[in-house]
Amino acid sequence: MSTTNLAAFLSRAPVDPRLSAIVGVVAEACVAINGHVRRGATGQAMGALGSQNVQGEVQQKLDVLSNDIMLEICAQAPGLCAMASEEMETIHPVRMVEPEGGYLLLFDPLDGSSNIAVNVSIGTIFSILPTPEDAAGRAVTEADFLQPGRRQLAAGYVVYGPQTQMVLTLGAGVSAFTLDPENGDWVQTSATMTIPAETREFAINTANTRHWAAPVSRYVDECLAGVEGPRGKDFNMRWVASMVADVHRVMSRGGVFMYPWDKREPNRAGKLRLMYEANPMAFLVEQAGGASFDGQGDTLDAPVIALHQRASVMLGSSAEIARLRAYHAPDGLTT
Ligand code: AHG
Ligand code: MN
Ligand code: MN
């Protein structure tokens, strides 16, 4: 097999070179983040900071360091007009929008914070949107970011696991790249990531079982009933508690990942964030032949009203998501 790398892939991609260049700088920033992750306690990036982010979550040093790296390195891409992140209350403007338009970058700089201290896979998630048409010639506002996921032009994640890998879509399939630690090159290791329609594996935090909505309980109960139950087959369960790692498993061999709405905080759509967690993952999953559902419709069609909006997330193998969709229909529990 002839090998290619991310730079060659991006130079051949049939998209605006300014868009490819933004993916290129994200990859560069992730190499820098990877360096800190790999150094662990032998470096300066481990431990808690004592501060909280806009969502009221305790920040780790690596959350803030990764955010700073993304801001600094990604600002170099000439087409990038503004950035938004899990770790920042509002947007970070970079430059005025050119007459031909520009791009907006959203990210979760370090996903899976609770796994940093225990040396379990963590990641970075990113999403690229166009600037709205009426933004030409002016500075970007926060309202310009509030676009449905269906408008994403590119999305991806980097998983810092036993290997460092980037999984990327530019809207025409999904490719994976593995970072060669010898020379820092992102070698293309898959050109067609595809999620099988059927699966025997699901991922959900079962500590929240008593809080779930009835359709989610039914789905999981039926999986747990195994070969004697209505599904007629045994299921396996996995929960890494880093969305990047759990979704990477689904992207690699199929499965269902769920972090659905639950009764703990009924007025909150879910735990995960729509714009820089659910939407980029939904875009990748759809591009790989899977599906993503938020309890009402496709994640990518969910109306966006706030930068840090939460989402109910169910994604993965298409036949399983179709089943979850049916269970959520008004008459779904009786069918
Ligand atoms: P983050 O570290 O960016 O805040 O995200 C953590 C998220 C996600 O990665 C994971 O799926 C989920 O939190 C795990 O939540 P539980 O601890 O409730 O299982
Ligand atoms: Mn996250
Ligand atoms: Mn995070």
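Here are the numbers for the structure shown:
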{"quantity": "Residue count, the range 243-298 (criterion: assigned to a loop (DSSP other than H, G, I, E, B) and without any contact (Cβ under 8 Å) to a residue 40 or more places away in the chain)", "calculated": "7"}
{"quantity": "Conditions (1) in a strand (DSSP E or B); (2) farther than 18 Å from Asn208 by Cα: number failed by Met314", "calculated": "(2)"}
{"quantity": "Residue within the range 230-240 that is more than 16 Å from ligand 3 (Cβ to nearest atom), outside any helix (DSSP H, G or I), among the charged types (D, E, K, R) and over 28 Å from Asp331 (Cα atoms) present", "calculated": "yes"}
{"quantity": "Filter pass, Ser121 being free of Cβ contacts under 8 Å to residues at least 60 places away in the same chain, within 16 Å of ligand 1 (Cβ to nearest atom) and not β-branched (Val, Ile, Thr)", "calculated": "no"}
{"quantity": "Selection count, the range 176-204, where residues are out of contact with any strand residue (DSSP E or B) (no Cβ under 7 Å at 6 or more places or on another chain) and exposed (fewer than 14 other Cβ atoms within 10 Å of the Cβ)", "calculated": "6"}
{"quantity": "Unmet criterion (only one of (1) touching a residue at least 12 places away in the same chain (Cβ under 8 Å); (2) within 16 Å of ligand 1 (Cβ to nearest atom); (3) farther than 23 Å from Glu142 by Cα) for Ser312", "calculated": "(3)"}
{"quantity": "Selected residue (criterion: farthest from the chain's Cα centre (by Cα)) from residues of the range 84-113 that are closer than 28 Å to Met46 by Cβ and more than 16 Å from ligand 1 (Cβ to nearest atom)", "calculated": "His92"}
{"quantity": "Candidate set: the range 85-100, residues that are of a type outside the set (D, E, K, R) and out of contact with any strand residue (DSSP E or B) (no Cβ under 6 Å at 6 or more places or on another chain); chosen: the one farthest from Val26 (Cα to Cα)", "calculated": "Pro99"}
{"quantity": "Residue check for Thr206: among the polar types (S, T, N, Q), over 25 Å from Arg151 (Cα atoms) and in contact (Cβ under 8 Å) with a residue 12 or more places away in the chain", "calculated": "yes"}
{"quantity": "Any hit, the range 147-157, residues being within 16 Å of ligand 2 (Cβ to nearest atom), modelled with pLDDT of 95 or more and among the hydrophobic types (A, V, I, L, M, F, W, C)", "calculated": "yes"}
{"quantity": "Among residues of the range 118-127, those that are in contact with a helix residue (DSSP H, G or I) (Cβ under 6 Å, 6 or more places away or on another chain) and not aromatic (Phe, Trp, Tyr), counted", "calculated": "6"}
{"quantity": "Residues within the range 282-335 that are surrounded by 15 or more Cβ atoms within 10 Å (Cβ to Cβ), touching a Gly at 6+ places or on another chain (Cβ under 9 Å) and among the aliphatic types (A, V, I, L, M), tallied", "calculated": "14"}
{"quantity": "Which listed residue is at pLDDT below 95 and among the small types (Gly, Ala, Ser), from Gly43, Gly101", "calculated": "Gly43"}
{"quantity": "Ser127 vs. criteria within 14 Å of the chain's Cα centre (by Cα) and within 16 Å of ligand 3 (Cβ to nearest atom)", "calculated": "yes"}
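The values are calculated or read from the model by the stated rules, or taken from the named source; none is laboratory data. Please read all numbers here as calculations on a predicted model, not as lab measurements. Please note: Cβ atoms are built from the backbone with ideal geometry, for glycine as well, and neighbour counts cover all protein chains shown.
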